[in-house]
Amino acid sequence: MRSRSDRLFLLSLLPPAATIVAAMMLMIYVFVYHSVPVLVREGLTFFASSRWSPSTSLRSAFYGILPAIYGTLVTSGIAVAIALPLSLSMTLFLNEVAPPRIRAFFSTLVDMMAGLPTIVYGLWGLFVLAPLLQRLVMEPLHRYLGFLPLFSCPPISGYSVLTAGVILAIMVMPYTFALMNEAYASIPLTYREAVLAMGASRYEASRILLSMIRPAIVGSVLLGLGRAASETVAVTLVIGNTPTISPCLFSSGYTIASLIATQYGEAPLYPFMVSALYGAGLFLLVLGLALNTVGLALVTRWRVRMGVSA
Amino acid sequence: MSLRRKLIDRAFVAVIALLSAVGIAPLFYILTTVAIRGAEAIARVGLWRFLTSIPPAPGTHGLGGIGPALAGTLILTALSTLIGVPISIGVALLVVEFPNLFVSRAVRALSKTFMEIPTILLSMLVYTLLVVPMHTPSAIAGALALSLVMIPYTTTYLETYLESVPPIYREAGYAIGMTKAGVALRVVMGIARKGVLLGIVMGVARALGETAPLLFTAGGSHYAYPTSLTGPVDSITLLIFDFAMTPYTNLIQVAWGAALVLVAMYLAIFLAIKLLVKEVRT
Amino acid sequence: MTRYAIEIEDLHVYIGSKHILKGVNLRIPQSAITVILGPSGSGKSTLLRTINRLIELNPEARVRGRVRVLGIDVYSADPYEVRRMIGMVFQVPNPFPHMSIFDNVAIAAKINGVARKREELEKVVRWALEKAMLWDEVKDRLRDPPTKLSGGQQQRLCLARAIAMRPRVLLLDEPTANIDVYNTVKIENALKSLVNELGITIVLVTHMPQQALRIGDYIAVMYDGRIVEFGPVDQVSLNPRSEITRRLLRGEIG
C-alpha cells in the first residue's frame with residue numbers, strides 16, 4: 001500500500017470483514033465447547049445409540065442421536081433420489097426440448113420455487129401432502145406390497161420419513177436444477193456443434209452432453225444432500241418427531257434439525273440435554289460442510305476437465 | 001434416421017416434458033392451496049382486521065388476525081437489512097478492490113462457507129451469544145441471526161456485480177486522479193448501483209421467508225405487539241409454525257391466512273427482483 | 001526547471017516473466033507534441049502507463065528505472081498527486097456511463113480542485129468542451145448520458161474530461177484508433193491548439209505513421225521495448241537513421 005488514503009480505505013473495510021471471520025470462529029468455538037460435556041460423558045455411543053432419555057437425574061439421563069442421524073440421512077437420501085431425475089429432466093427440457101418462449105417462463109417458475117418461504121412448504125406438506133400421500137401412495141403400497149420391509153408398517157398418519165423426503169425433494173429440486181443447468185449451459189459451444197454435426201438426435205445429444213458434466217451432476221447431488229439435511233421447519237412439521245429407526249418408509253422419525261427444533265426449548269431443564277443438542281448440531285455442521293466442500297469441488301472441477309475457462 | 005431412433009427420441013422428449021411438468025406442478029398446487037385456504041381465513045374478518053388485530057384464543061370460533069406477527073416481520077426484516085447491507089457492501093468492496101490480500105481471499109472463502117451452514121445452527125449460535133446474556137429473546141437477536149443468513153448471499157451477488165464493471169472505467173477514474181476509495185465508491189459502485197440494489201432486495205427476500213434462525217432468538221408472543229428492539233418479537237413465519245402444530249382449527253385457519261400474506265409479500269418482492277434484473281441487463 | 005517535461009532513464013518493465021520495456025531512455029520536450037510510433041506489441045501503451053503509474057493496476061507488473069515528470073520523481077511521490085498533473089485519454093472511449101455529459105467533465109475538475117462552486121464548474125466545463133471541440137455539439141444536452149453520443153464524440157468528451165484537470169501533461173494512447181476520420185481530424189486539431197494556446201506537453205502513442213507526420217513535433221520510434229530513434233519530426237522523417245524507422249514510416253511494419 002503506497003498511499004495513505006489507500007491504507008485508510010482498506011482499514012475502513014476491515015471491520016465488516018472481521019465480523020464474518022469472528023462469526024465463523026465463534027460458530028466453531030461455541031459448538032465445540034458446548035458439545036464437549038456430552039461427548040466426554042457418553043463418548044462415541046452418543047452417535048451410536050438410539051436411547052434418548054431426558055431426565056433430571058444424572059444417573060438415568062442418556063442422549064443418543066442415532067435416530068436423528070438415521071432420519072437425516074434417510075430423508076435427504078429420499079429427497080435427492082426424487083429430485084435428481086426431476087432436475088435432470090428439467091435441465092434437459094430447458095436446454096434441448098423447450099421452445100424459446102417457454103424457457104424464460106419455466107425458468108421464472110423454478111426461481112419462484114427456489115425462494116418460496118420454507119414454512120409455506122411445511123404448512124402445505126402437513127395439511128395437504130401428508131394426507132394425500134397416505135391415501136394415494138402409502139395405503140395401497142402397504143396393502144399390496146406390505147411384505148417388503150420398506151412398506152411393512154401400517155401408515156396410521158401421513159407423517160413419516162417418506163413425506164418428509166418428498167417435501168424435501170420439492171424444496172431441493174430448484175437448487176439441484178440450478179446447479180445442473182448452469183453446468184449444462186456452460187458446455188462450450190464447440191462441443192454442442194460437434195455433437196449436432198454428427199447428426200445426433202435430441203436423446204443422443206443429451207446423453208453425450210450430460211456425460212461431459214458428470215462431475216457436476218455428482219456434485220449437485222452432494223450439495224442437494226447438504227441442503228436437504230439442513231432444512232428444519234418443513235421437516236419438523238411432517239416427520240412425526242419420534243425417535244424411531246425403521247426400514248419402513250411410512251414410519252415417523254426425526255432428523256437432527258427437527259430434533260433441535262423441538263427439544264431446544266425445554267433442554268435447559270435437563271442437564272446435558274443442551275450439550276447433546278449442540279453435539280447433534282456439531283455433527284450436522286460437519287456433515288453439511290463436508291458434503292458442501294466435496295460437492296462444490298466437483299461442480300467446479302468439471303470445467304477444468306473440459307478445458308472451460310472459469 | 002431410422003424409425004427406431006426416431007421413436008426413442010420422441011419417447012425421450014415426452015418423458016422429459018412429463019417429468020418437468022411433475023417437477024413444476026407442486027408450485028401451482030401449493031400456491032392454489034394457499035390462495036384458497038388463506039383467502040377463506042382472511043375473508044372471515046376482512047383484510048385490514050386480519051393484518052392488524054391479534055389472533056383468537058385457541059379453540060374458539062373467532063378468527064382475529066396476525067397484527068403482532070406482521071409488525072415483527074417488518075421490524076426484523078428492516079433491522080436485519082440495516083445490519084447486513086453495510087457489512088455486505090464492505091466485504092464486497094474489500095474482496096473486489098483488494099483481491100490479492102490474504103484477508104480478502106480468506107473472507108471470500110469464509111463467506112461462501114457461511115452460506116452452507118444450516119440456519120437452525122445460526123439460531124443456536126445467536127442464542128448463546130446474545131439471548132442468554134440478555135436473559136431474553138429479542139428483535140436484535142432475531143435480526144442478527146437473519147443477517148447472518150443474508151450477508152453471504154448478498155455479498156456474493158455484490159461481488160459479482162462489482163467485478164463485472166469493465167476495467168476501462170476504473171482506469172479512467174484513476175487517470176483523472178481519483179483515489180482507490182474514489183474509484184471504488186464513485187465509479188464502480190456508481191456504475192453497478194442497480195446491481196447493488198438488486199443484491200439488497202434479494203437479501204430482503206431471503207430474510208423475509210426464514211423461520212429457523214428466529215426459532216430461539218425472536219421469541220415473541222403472537223398476541224402482543226412488540227414494544228422494544230431489545231424485547232421479544234414475533235414473526236409471520238414463527239406464527240405459522242406454531243399454529244400449524246396446534247390441534248385448534250381456528251388457529252390453523254389463521255396460519256393459512258398468514259401464509260397467504262407471506263406469499264403475497266414474497267411474490268411482490270420476487271416481481272420487483274425480476275423487473276430490476278431486466279434493468280440491470282440493459 | 002528543465003526543458004523536458006518528462007525524463008525517462010533506463011526504464012525496465014516486466015509483466016509476469018515477460019520483459020516488456022528493455023531499458024527505455026527518453027526525454028520529452030515541454031509544450032510540444034511528441035509522438036511515440038511503433039508496431040503493436042512494441043510496448044508503447046506500457047510505456048505510457050509507466051508515466052502516470054497506471055501500470056501499477058496490474059499486479060504482475062514490476063518497474064525499474066527512473067521516471068521524472070516536471071522534475072518530480074514519479075515513483076517516489078504519491079501516485080495520486082502524480083496522476084493529477086497528468087491527463088490521459090484511452091484507446092477505447094470510456095466516459096462514465098452513469099453520469100451526465102456535464103458531470104463527466106465536472107468531476108475531473110472537482111477532484112483536482114480546479115473548481116468547486118456551481119458557476120465555476122459551469123465555466124470550466126464549457127471551457128474544456130470548447131477546447132476539445134465538442135461544445136457546440138453537446139451544449140444543449142449536457143444532462144444527457146454519454147451513451148447517446150457517437151464513439152468519436154465520446155472520445156472528445158474523454159479529452160474534455162482530461163483537459164478539465166488542467167494538466168501540464170496529456171497522454172493519449174492511440175486515441176483515434178477506433179474512431180472515424182472526421183472525429184480524428186477534430187481531435188488532432190484540438191491537440192494542436194492545446195499546445196499552442198496552453199503550452200501543454202502532449203505524448204501521443206500511435207501505430208499510424210501518417211498521424212505522426214501530421215501532428216507530431218517530435219517523434220520517438222519504438223520497437224521491441226526500446227526507443228530506436230528520437231528527434232524532430234521533419235528530421236527523422238527525411239533522414240531516418242534506423243532501418244526500423246524507415247520501414248515503419250513506409251508502412252512496412254505495423
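The values are calculated or read from the model by the stated rules, or taken from the named source; none is laboratory data. Given the structure is predicted, the values throughout are model-derived calculations rather than measurements. Because the Cβ atoms are built from the backbone with ideal geometry, glycine has one as well, and the counts that use them run over all protein chains shown. These accessible areas exclude ligands, DNA and RNA; they are computed on the full protein's heavy atoms, side chains included. Shrake-Rupley method; radii C 1.70, N 1.55, O 1.52, S 1.80 Å.
Positive end of the dipole of the stretch C:31-168, charges at C-beta (+1 Lys, Arg; -1 Asp, Glu), about the Cα centre: which of C:99, C:82, C:125 has its Cα farthest in that direction?
Farthest along the dipole direction, towards plus: C:82.
For chain B, what is the charge dipole size about the Cα centre, in debye to the nearest 20, if Lys and Arg each add +1 at the Cβ and Asp and Glu each add -1 at the Cβ?
Details: 19 positive and 11 negative charges, 192 e Å.
So the magnitude is around 920 debye.
Pairs of alpha-carbon atoms within less than 8 angstrom and 6+ residues apart define the contacts here; what relative contact order does the stretch A:153-310 have, in percent? Can you show the working numbers first?
Numbers: 171 pairs, mean separation 54.9, N = 158.
Taking the mean separation of contacting Cα pairs over the length of the stretch A:153-310, I get 35 percent.
Considering the stretch B:1-114, what Rg and Dmax in Å follow from its alpha-carbon atoms?
Just the Cα atoms of the stretch B:1-114 yield Rg and Dmax of 25.8, 70 Å.
Report the Cα centroid-to-centroid distance between the stretch C:91-110 and the stretch C:168-236 in angstrom, as an integer.
23 Å
For residue C:10 and residue A:4, what is the calculated FRET efficiency with R₀ set at 30 Å and r taken between the beta-carbons, to the nearest 0.05? Could you put the intermediate results ahead of the total?
Working: r = 29 Å, r/R0 = 0.97.
Once the sixth-power term is evaluated, E becomes 0.55.
Report the Cys residues of the protein assembly as shown lacking a disulfide-compatible partner, meaning no second Cys Cβ under 4.7 Å from their Cβ.
Lacking a cysteine Cβ partner under 4.7 Å: C:158.
Loop sites only, by DSSP: take the chymotrypsin sites (Phe, Trp or Tyr not before Pro) in chain B that have at most 16 other C-beta atoms within 10 Å and name the longest stretch containing none of them. Walk me through the numbers on the way to the answer.
Working: sites that count: B:223, B:248.
Formally, the longest exposed-site-free interval is B:1-222.
Using r as the Cβ-Cβ distance of residue C:117 and residue B:43, and R0 as 60 Å, what FRET efficiency do you calculate, to the nearest 0.05?
On the way: r = 61 Å, r/R0 = 1.02.
Given R0 = 60 Å and the Cβ-Cβ separation, E is 0.45.
Search the structure for amide H atoms under 5 Å from the amide H of residue C:36, placed 1.01 Å from N in the peptide plane, and list their residues when 5 or more places away or on another chain.
Residues meeting the criterion, in which the H sits 1.01 Å from N, are C:204, C:205, C:206, C:220.
Could you give the size of the charge dipole of the stretch B:186-282 about its Cα centre, using +1 on the Cβ of each K and R and -1 on the Cβ of each D and E, expressed in debye and rounded to the nearest 20? If you can, show how the numbers build up before the last one.
On the way: 7 positive and 4 negative charges, 147 e Å.
Dipole size: approximately 700 debye.
Would you mind putting A:70-83, A:155-168 in packing order, based on average other-beta-carbon counts within 10 Å, highest first? Please list the in-between numbers first.
On the way: A:70-83: 23.1, A:155-168: 25.6.
Top of the packing list down: A:155-168, A:70-83.
Could you name the lysines in cross-link range of residue B:180, using Cα to Cα under 24 Å and dropping any fewer than eight places away on the same chain?
B:194, C:110
Out of every Cα pair in the protein assembly as shown, what percent are spaced more than 43 Å from each other? Write down the numbers at each step before the final one.
Details: 162412 of 357435 pairs.
Across the protein assembly as shown, Cα pairs with separations above 43 Å total 45 percent.
Put +1 on the Cβ of each Lys and Arg and -1 on the Cβ of each Asp and Glu in the protein assembly as shown; which of A:217, B:205, A:163 then has its Cα farthest toward the positive end of the dipole?
A:217
Once you have a ≥ b ≥ c as the square roots of the Cα gyration tensor eigenvalues for the stretch B:148-224, tell me rounded if a/c is under 1.5, and otherwise prolate or oblate according to whether a/b is larger than b/c. Show your work: numbers first, answer last.
Numbers: a/c = 4.03, a/b = 3.39, b/c = 1.19.
Prolate.
Averaged across the residues of B:128-141, what count of C-beta atoms belonging to other chains lies within 10 Å of each residue's C-beta? Mind dumping the intermediate values first?
Values: counts 8, 4, 0, 0, 1, 0, 0, 0, 0, 0, 0, 0, 0, 0.
Average neighbour count from other chains, rounded to a whole number: 1.
Where nothing but the Cβ of Lys and Arg (+1) and of Asp and Glu (-1) is charged, how large is the charge dipole of the protein assembly as shown around its Cα centre, in debye to the nearest 20?
Numbers: 73 positive and 49 negative charges, 244 e Å.
It comes to approximately 1180 debye.
Take the alpha carbon atoms of the stretch B:212-279, find their radius of gyration, then divide it by 2.2 N^0.38 Å using N residues; give the quotient.
Numbers: Rg = 14.9 Å, N = 68, 2.2 N^0.38 = 10.9 Å.
Normalised Rg, Cα atoms only: 1.36.
I want to make sure I understand the PRE zone here: with the label point 7 angstrom from the Cα of residue A:53 toward its beta carbon, which residues in the stretch A:262-294 have backbone N atoms less than 18 Å away?
Under 18 Å, as judged by backbone N against the label point of residue A:53, lie A:270-274, A:276 of the stretch A:262-294.
Collect residues whose amide H, placed 1.01 Å from N in the peptide plane, falls under 5 Å from the amide H of residue C:20; neighbours closer than 5 in sequence don't count.
Long-range HN contacts for residue C:20: C:13, C:14, C:15.
Average partner chain C-beta neighbours within 10 Å, per residue of A:227-236? Intermediate values should be presented prior to the final figure.
On the way: counts 2, 0, 1, 7, 4, 11, 11, 3, 0, 7.
Per residue, the number of nearby Cβ atoms from other chains is 5 on average.
Over the Cα atoms of chain A, how large are the radius of gyration and the largest Cα-Cα distance (Dmax), in Å?
That works out to 23.2, 78 Å for Rg and Dmax.
On a 1.4 Å probe surface of the protein chains, which of A:191, A:144 comes out largest in accessible area, and what is the full order?
A:144, A:191
Looking at the P(r) of the stretch C:29-171, how many percent of alpha-carbon pairs lie beyond 22 Å? Walk me through the numbers on the way to the answer.
Values: 4434 of 10153 pairs.
So the portion of pairs separated by more than 22 Å is 44 percent.
Normalising by the residue count of the stretch B:108-202, find the relative contact order in percent from Cα pairs under 8 Å and 6+ residues apart. List each step's numbers first, then the result.
On the way: 51 pairs, mean separation 26.3, N = 95.
Relative CO of the stretch B:108-202 lands at 28 percent.
Mean projection of the alpha-carbon convex hull of the stretch A:140-247 over all orientations, in nm²? Don't skip to the answer; put the middle values down first.
Numbers: hull surface 37.9 nm².
For the stretch A:140-247, the mean projected area of the Cα convex hull comes to 9.5 nm².
For the stretch B:138-282, compute Rg over Rh where Rg is the Cα radius of gyration and Rh is the Kirkwood radius from the inverse mean 1/r over Cα pairs. Mind showing how you got there, number by number?
Working: Rg = 20.3 Å, Rh = 17.8 Å.
Expressed as Rg/Rh, it is 1.14.
Each residue of the stretch C:211-228 in turn: what ³J(HN,Hα) in whole Hz from Karplus with 6.51, -1.76, 1.60 and θ = phi - 60°, glycine and Pro shown as x?
Taking θ as phi minus 60°, the curve returns 5, 4, 5, 5, 10, x, 8, 10, 10, 10, 9, 10, 8, 6, x, 9, 8, 9 Hz for the stretch C:211-228.
Other chains' Cβ within 10 Å of C:157-164 residues: what's the mean? Numbers along the way, then the final one.
Details: counts 0, 3, 0, 0, 3, 3, 0, 1.
For peptide C:157-164, the averaged partner shielding equals 1.
Amide H of residue C:253 versus every other amide H placed in the peptide plane: which residues, excluding those fewer than 5 positions away on the same chain, fall under 5 Å?
It is C:248, by chain and number.
Accessible area of residue C:119, 1.4 Å probe, to the nearest 10 Å²?
Counting only protein heavy atoms, residue C:119 exposes about 130 Å² to solvent.
Quick check: with the 1.4 Å probe, what order do C:222, A:25 take by accessible area, largest first? Each step should come with its number before you reach the end.
Numbers: C:222 0, A:25 125 Å².
Ranked list, largest accessible area first: A:25, C:222.
Taking just the alpha carbons, could you work out the radius of gyration and Dmax for the stretch A:68-149, both in angstroms?
Considering the stretch A:68-149 through its Cα atoms, Rg and Dmax are 16.8, 48 Å.
In percent, what relative contact order does the stretch C:4-119 have, based on Cα pairs under 8 Å that are 6 or more apart in sequence? Working shown, then result.
Details: 133 pairs, mean separation 29.1, N = 116.
With pairs under 8 Å counted, the relative contact order is 25 percent.
May I ask for the distance between the Cα centers of the stretch B:65-103 and the stretch A:213-247, given as a whole number of Å?
For the stretch B:65-103 versus the stretch A:213-247, the Cα centre distance is 28 Å.
List, in order, the whole-Hz ³J(HN,Hα) value for each residue of the stretch C:51-65 obtained from phi through the Karplus relation with A = 6.51, B = -1.76, C = 1.60 and θ = phi - 60°; use x for Gly and Pro.
6, 9, 6, 6, 4, 5, 5, 8, x, 8, 8, 10, 10, 10, x
Could you please put C:62, C:68 in sequence from largest to smallest accessible area, using a 1.4 Å probe? Each step should come with its number before you reach the end.
Working: C:62 135, C:68 60 Å².
The most accessible residue leads, giving C:62, C:68.
Go through A:233, A:76, A:304 and say which Cα lies farthest out towards the positive end of the charge dipole of chain A; charges sit on Cβ, +1 for Lys and Arg, -1 for Asp and Glu.
Most positive-ward Cα: A:304.
Quick one: 3J(HN,Hα) in Hz for the stretch B:121-132, Karplus 6.51/-1.76/1.60 with θ = phi - 60°, rounded, Gly and Pro as x.
5, 5, 4, 4, 4, 5, 4, 5, 7, 10, 5, 5
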